[in-house]
Amino acid sequence: MFTGIVTATGQVQTTRWIDGGLDVTVECPYQDLVAGESVAVDGACLTVQDSGPNRFTAHVVRTSLDRTRFAEYRWGDRVNLERALRVGDRLGGHLVQGHVDGVGTVARVEERDEARLLDLRVPPAVSEVSVPLGSVTVDGVSLTVNTVPAPGMIQIALIPFTLQHTTLGERLVGHRVHVEADTIGKYLAGLLRARGEWGGS
């Protein structure tokens, strides 16, 4: 479990296809990672299989590759990182599972006062449970849905701190991002589907 509060950014060192999946090695500032530990990489929960000074390697399985953009990662790409939540830690963002629901695309970028607004075209699994002022995770960052500008889209507002301390400040029109819908919304949708009362797809 995570909170969507990014604690560091890292840099992709290598990617290697193996056993039908992808090994990704990330350079990071963490010094004490151990094998078996969970780290959210751009919002996707990955298990550390090997680590060393300022780096770790994780294996991305096929099911995760199908829902993420890890297959597109190249040397030098910057990624947002968060270590798993410990009991007693502050929950500064919202409950994030690290289960990416799909990939969204930046459709529009607008500067408004001190904030940067991004309109994202997102998968139905995200758009159907997104509401204004609700929570969403974008590339591992806990954010508030500013508005729903059109069907299949959400808008987020990035404050200066987020722009400076995460990779979201680098996102431009056409860029792809990991998105995870609010956990509570997904459970409610699942319950309503089971009862035959869900109006979405």
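For the stretch 153-169, which residues satisfy the criterion of being crowded, with 17+ Cβ neighbours inside 10 Å and either outside any strand (DSSP E or B) or among the polar types (S, T, N, Q) (or both)? Scanning the stretch 153-169 gives GLN155, THR162, THR166, THR167, LEU168. Of all residue pairs spaced 6 or more apart or on separate chains, those with beta-carbon atoms under 9 Å, a first member in the stretch 1-13 that is buried (at least 19 other Cβ atoms within 10 Å of the Cβ) and a second member that is assigned to a loop (DSSP other than H, G, I, E, B) and aromatic (Phe, Trp, Tyr) are GLY10/TYR30. Residues in the stretch 102-122 that are within 12 Å of GLY152 (Cα to Cα), in contact (Cβ under 8 Å) with a residue 40 or more places away in the chain and in contact with a helix residue (DSSP H, G or I) (Cβ under 9 Å, 6 or more places away or on another chain): GLY104, LEU120. Of the residues in the stretch 75-84, at least one is surrounded by fewer than 20 Cβ atoms within 10 Å (Cβ to Cβ), touching a Phe, Trp or Tyr at 6+ places or on another chain (Cβ under 9 Å) and basic (Lys, Arg). Looking only at residues in the stretch 170-201 that are exposed (fewer than 11 other Cβ atoms within 10 Å of the Cβ) and of a type in the set (A, V, I, L, M, F, W, C), which one is modelled with the lowest pLDDT? The qualifying residue modelled with the lowest pLDDT is ALA194. Mind listing just one residue for me: the one in the stretch 20-53 that is without any contact (Cβ under 8 Å) to a residue 24 or more places away in the chain and of a type in the set (Asp, Glu) and, of those, nearest to THR68 (Cα to Cα)? The selected residue is ASP50. For the structure I just gave you, tell me whether VAL109 is in the same structural domain as LEU172 (by TED's automatic domain parsing), in a loop (DSSP other than H, G, I, E, B), among the β-branched types (Val, Ile, Thr) and touching a strand residue (DSSP E or B) at 6+ places or on another chain (Cβ under 8 Å). Answer is no for this residue. Quick check on the stretch 1-28: of everything there that is over 30 Å from VAL145 (Cα atoms) and part of a loop (DSSP other than H, G, I, E, B), which residue is nearest to the chain's Cα centre (by Cα)? Top of the filtered list is GLY20. Kindly establish whether THR137 is at pLDDT 95 or above, among the polar types (S, T, N, Q) and over 14 Å from VAL41 (Cβ atoms). Here the answer is no, as THR137 does not meet what is asked. For the stretch 57-72: of the residues being of a type in the set (Val, Ile, Thr) and in contact with a Leu (Cβ under 9 Å, 6 or more places away or on another chain), which is surrounded by the fewest Cβ atoms within 10 Å (Cβ to Cβ)? Across the stretch 57-72, the extreme among qualifying residues is VAL61. Scanning the stretch 64-97 for residues that are at pLDDT 95 or above and on the phi > 0 side of the Ramachandran plot gives a single hit, GLY76. Quick one: in the stretch 29-56, which of the residues that are over 18 Å from the mean Cα position of the chain (by Cα), part of a strand (DSSP E or B) and of a type in the set (S, T, N, Q) is surrounded by the most Cβ atoms within 10 Å (Cβ to Cβ)? Across the stretch 29-56, the extreme among qualifying residues is SER51. In the stretch 123-134 there is no residue matching the filter, namely being assigned to a strand (DSSP E or B) and surrounded by 18 or more Cβ atoms within 10 Å (Cβ to Cβ).
You will find that of THR68, THR47, the residue that is under 21 Å from ALA125 (Cβ atoms) and among the polar types (S, T, N, Q) is THR68 and no other.
The values are calculated or read from the model by the stated rules, or taken from the named source; none is laboratory data. The shown structure was predicted, so the numbers you read here are calculated from the model rather than taken from an experiment. All Cβ positions, even for glycine, are placed from backbone atoms using ideal geometry, and neighbour counts span all protein chains on display.
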